[in-house]
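Visitor: Mind looking over this structure? Questions follow.
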Amino acid sequence: MAMVRGRLLVATSAIQSGPFWRSVVYVLDHDEDGALGVIVNHPLESDVDEVLPEWADCVNAPGCLFEGGPVAMDSALAVGVVSDVTSGPAGWRQMAGRVGLVDLEGPLPEGGELLGLRVFAGYAGWTPGQLEAEIEEGAWLVLPAEEGDLLSPVPDRLWSEVLRRQPGETRFWSTLPVDPAQN
């Protein structure tokens, strides 16, 4: 199985409830030790300025925390998109392309270094072989990520938007009703 770092996992109808229902996960890391990602389309009620006020001016709209996944939901994980990977801000660690983790204990980025930032409560994690098995079972579609996905101003529509832009039959998933009984 190919590594899926830097790609999106889009939940299929095989996932019928829980934190991954209709989720779009950006995969930050994937290797023989497992996988790590963040759900990019589940905004929370809490605003970043309530939890990490010094970072409030750095995050993109909506300025809220996001539910990154069911693991370590009491901790914050920041993901930033930089304008230039060769001169990313102090405390930024590249994960895939221009996307990387930002150290919330580190210095605030200078103007223009970050194109965007999201703060996640928790993350999604898979043990070795677990993600591959879930993909094989049909729980996830592995799709190309666009930089705008991570920073979408309308994260609630991201699941449908990502599916709609796909070629072939995959795009028809976007029309799936929230309640299949209403189909």
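The values are calculated or read from the model by the stated rules, or taken from the named source; none is laboratory data. Given the structure is predicted, the values throughout are model-derived calculations rather than measurements. So basically every Cβ, Gly included, is an ideal-geometry build from the backbone, and we count neighbours across all protein chains shown. The accessibility values were calculated without ligands, DNA or RNA, using every heavy atom of the protein model including side chains. Shrake-Rupley method; radii C 1.70, N 1.55, O 1.52, S 1.80 Å.
Visitor: Residues of the range 30-71 being assigned to a loop (DSSP other than H, G, I, E, B), among the small types (Gly, Ala, Ser) and without any contact (Cβ under 8 Å) to a residue 60 or more places away in the chain, which ones?
Guide: Gly63, Gly68, Gly69
Visitor: Here is a follow-up. Can you report the number of residues in the range 26-45 which are out of contact with any helix residue (DSSP H, G or I) (no Cβ under 6 Å at 6 or more places or on another chain), open to solvent by less than 50 Å² (accessible area, probe 1.4 Å) and closer than 13 Å to Arg118 by Cβ?
Guide: Selection size over the range 26-45: 5.
Visitor: Among the residues of the range 135-172, count how many are open to solvent by 80 Å² or more (accessible area, probe 1.4 Å) and aromatic (Phe, Trp, Tyr).
Guide: The total comes to 1.
Condition check ((1) in contact with an Asp or Glu (Cβ under 8 Å, 6 or more places away or on another chain); (2) among the small types (Gly, Ala, Ser); (3) closer than 17 Å to Asp49 by Cα) across all residues:
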residue	(1), (2), (3)
Met95	yes, no, no
Arg98	yes, no, no
Leu104	no, no, yes
Leu108	yes, no, yes
Leu114	no, no, no
Leu117	no, no, yes
Gln130	no, no, no
Glu134	no, no, no
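Visitor: Scan Ala78, Ala124 and give me the residue that is outside any loop (DSSP other than H, G, I, E, B) and either open to solvent by 20 Å² or more (accessible area, probe 1.4 Å) or touching a Lys or Arg at 6+ places or on another chain (Cβ under 9 Å) (or both).
Guide: Going through Ala78, Ala124 in turn, just one is outside any loop (DSSP other than H, G, I, E, B) and either open to solvent by 20 Å² or more (accessible area, probe 1.4 Å) or touching a Lys or Arg at 6+ places or on another chain (Cβ under 9 Å) (or both): Ala78.
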